1. From Leu22, Leu17, Leu52, which residue is of a type outside the set (Phe, Trp, Tyr) and over 13 Å from Met1 (Cα atoms)?
2. Report, by residue number, each residue of the stretch 25-50 that is among the hydrophobic types (A, V, I, L, M, F, W, C) and touching a helix residue (DSSP H, G or I) at 6+ places or on another chain (Cβ under 8 Å).
Amino acid sequence: MEIIKLREEYIKLGQALKAANLAASGVEAKLLILDGKVKVNGEVCLQRGRKLYDGDVAEYDGQTVKIQK
């Protein structure tokens with residue numbers, strides 16, 4: 001499980017995927033999200049700009065990213 005430490009109040013889903021090296025670029029992150037391949041807190045998320053806060057968990061391709069303050 002990858003852990004991303006927040007510097008602000010939140011991080012957007014696309015940015016979190018890039019920060020965890022699950023997407024090589026913003027465009028790749030956008031396509032993964034729009035294709036329904038990314039889950040947030042166990043549910044498929046189609047919003048690239050979805051804000052992730054402390055405690056949120058994103059999943060893609062069997063890998064998990066946890067957001068922490």
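Rule-based calculations on the coordinates, nothing more; no lab input. Remember, it's a predicted structure, so these values are computed and weren't measured experimentally. Note that we place each Cβ from the backbone using ideal geometry, even for glycine, and neighbour counts take in every protein chain shown.
1. On the way: Leu22 fails: over 13 Å from Met1 (Cα atoms); Leu17 fails: over 13 Å from Met1 (Cα atoms).
It is Leu52.
2. Initial filter on the stretch 25-50 (among the hydrophobic types (A, V, I, L, M, F, W, C)): 27, 29, 31-34, 38, 40, 44-46.
Matches in the stretch 25-50: Ala29, Leu32, Ile33, Val38, Val40, Cys45, Leu46.
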